[in-house]
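**Q** Below is a structure I'd like to ask you about.
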Amino acid sequence: MKSRYRWIVAAALVVLIGAGSILLKPSAKASVDDPVRTALSVTTTIPVNAVLPRNVTASGMVAAWQEAVIGAQTGGLRVAAIHADVGTRVKEGDLLAELASDSTAAELRRLDANLASAKASLAQARSNVERAKIAKQGGAISDQQYEQYTISEQTVQASLDAAAAQLDIQRITLAHTRVVAIDDGVITSRTAMLGKVVQSGDELFRMIRKNRLEWQAEVDASQLANVRTGQTVQITLPTGKVIAGRVRIAAPSLSTSTGRAVVYVSLPENTGAQSGMFANGRIEVGMAPALTIPQSALVLADGYSYVFELGSGDAVTRRGVKTGRRQGDRVEIVEGLAENTRIVASGSAFLADGDKVTVVTEGGKR
């Protein structure tokens, strides 16, 4: 019984081994019919010559075009009212603050009365001169007495002029108790405090004139040589927003400490830029030819830029390139790629060096 069982097991093993060898044997027909497998179907392109703007890259602060300091023009008076605060948009002549004016107004009335008295005294002195002139002609008074009358008239006239000048000064002082905006703009600082006694020259407000901002970009000597007034500038704010500006003026000299110069770029209003922001930008200094490829053909890896060149047998080779200027979806290739070189136009991120590809046109045909 045992020998019969062993015979059955041995026969089963022989059958299994034979079947396995048949299944594992490669099929000659399959190896002939199977096509070579490719990594990806791609479209190709070649570099194209184009004319792109030449840019000077720079960075710097956004600042006020011009700041204006509004101070007290009279002293010894307290702040009685404040009508503006930080962020207030004002027009030239708008009332910002008021100083106590009671004592100034009272002094003005006193000086006005002094002027009226001086006018009366002058009228009397002139009348005396007229009477003395008649008396002199009749021999009633001497020449010396007549001269005393005329001198008296001149003295009263001088007193009248002094009183008028004092009155004018006091009127100006009274006008200065009203602190007004010296130009259109926006208030950026307020040091005026209600009840504070101010002295002449004390700063009360600070404002950005016309609410105009500018970007103060720093450039080196080689870059400064290419910058001209009126050139277009693209500025990227910390928020990511890109705004356009124009070069207002470039500094005529370099800083002795940094070796760099400041380029002042005018900014339009209501762009979201604020004084004190740090921003980067590009100054367009001219046009120059460039060898360009589509952005989609470029692969970024490990901080470097690559393209895939199509070689013989539709195999691709990864080439390192150095990029330059950009405009729209075109990228300038500065080094690493020759003209008329066929490269993969899109899908390069899925390729590896040496992969074989199927080249198709836009319509999907070879």
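The values are calculated or read from the model by the stated rules, or taken from the named source; none is laboratory data. The structure presented is a predicted model; accordingly, all values stated were derived computationally and were not measured. All Cβ positions, even for glycine, are placed from backbone atoms using ideal geometry, and neighbour counts span all protein chains on display.
**Q** Suppose the filter is surrounded by 14 or more Cβ atoms within 10 Å (Cβ to Cβ) and among the small types (Gly, Ala, Ser); does SER127 pass it? Even if it seems obvious, please write down each step before you answer.
**A** Working: surrounded by 14 or more Cβ atoms within 10 Å (Cβ to Cβ): no; among the small types (Gly, Ala, Ser): yes.
Criteria not met by SER127.
**Q** Something else now. Can THR188 be described as under 30 Å from SER117 (Cβ atoms) and among the hydroxyl-bearing types (Ser, Thr, Tyr)? Step through it out loud before you land on a result.
**A** On the way: under 30 Å from SER117 (Cβ atoms): no; among the hydroxyl-bearing types (Ser, Thr, Tyr): yes.
No; evaluated as a whole, the condition is false for this residue.
**Q** Based on this model, can you work out whether ASP34 counts as of a type outside the set (S, T, N, Q), at pLDDT below 55 and over 30 Å from GLU284 (Cα atoms)? Walk me through how you get there before you give the answer.
**A** Details: of a type outside the set (S, T, N, Q): yes; at pLDDT below 55: yes; over 30 Å from GLU284 (Cα atoms): yes.
Spelling it out, ASP34 is indeed of a type outside the set (S, T, N, Q), at pLDDT below 55 and over 30 Å from GLU284 (Cα atoms).
**Q** A further question follows. Would you call GLY75 over 24 Å from the mean Cα position of the chain (by Cα) and at pLDDT 95 or above? Let's see the steps before the verdict.
**A** Details: over 24 Å from the mean Cα position of the chain (by Cα): yes; at pLDDT 95 or above: no.
The answer is no for GLY75.
**Q** In addition: Report, by residue number, each residue of region 229-264 that is β-branched (Val, Ile, Thr), in contact with a Gly (Cβ under 8 Å, 6 or more places away or on another chain) and part of a loop (DSSP other than H, G, I, E, B).
**A** Residue satisfying the conditions is THR239 alone.
**Q** In region 148-169, how many residues are β-branched (Val, Ile, Thr) and crowded, with 17+ Cβ neighbours inside 10 Å? Reasoning before the result, please.
**A** Our first condition is that a residue be β-branched (Val, Ile, Thr); within region 148-169, this holds for 150-151, 155-156, 169.
When the remaining residues are screened for being crowded, with 17+ Cβ neighbours inside 10 Å, the result is 156.
Number of matching residues: 1.
**Q** Turning to a different aspect of this structure: Among the residues of region 288-328, which ones are among the charged types (D, E, K, R) and farther than 16 Å from ALA349 by Cβ? Lay out the reasoning, then the answer.
**A** Filtering region 288-328 down to residues among the charged types (D, E, K, R) leaves 302, 309, 314, 318-319, 322, 325-326.
Selection gives ASP314, LYS322, ARG325, ARG326.
**Q** If you don't mind, there's one more thing I want to ask. Kindly check whether there is at least one residue in region 205-228 that is without any contact (Cβ under 8 Å) to a residue 40 or more places away in the chain, loosely packed, with under 13 Cβ neighbours inside 10 Å, in the same structural domain as ARG282 (by TED's automatic domain parsing) and not in a loop (DSSP other than H, G, I, E, B).
**A** Taking every residue of region 205-228 in turn, at least one turns out to be without any contact (Cβ under 8 Å) to a residue 40 or more places away in the chain, loosely packed, with under 13 Cβ neighbours inside 10 Å, in the same structural domain as ARG282 (by TED's automatic domain parsing) and not in a loop (DSSP other than H, G, I, E, B).
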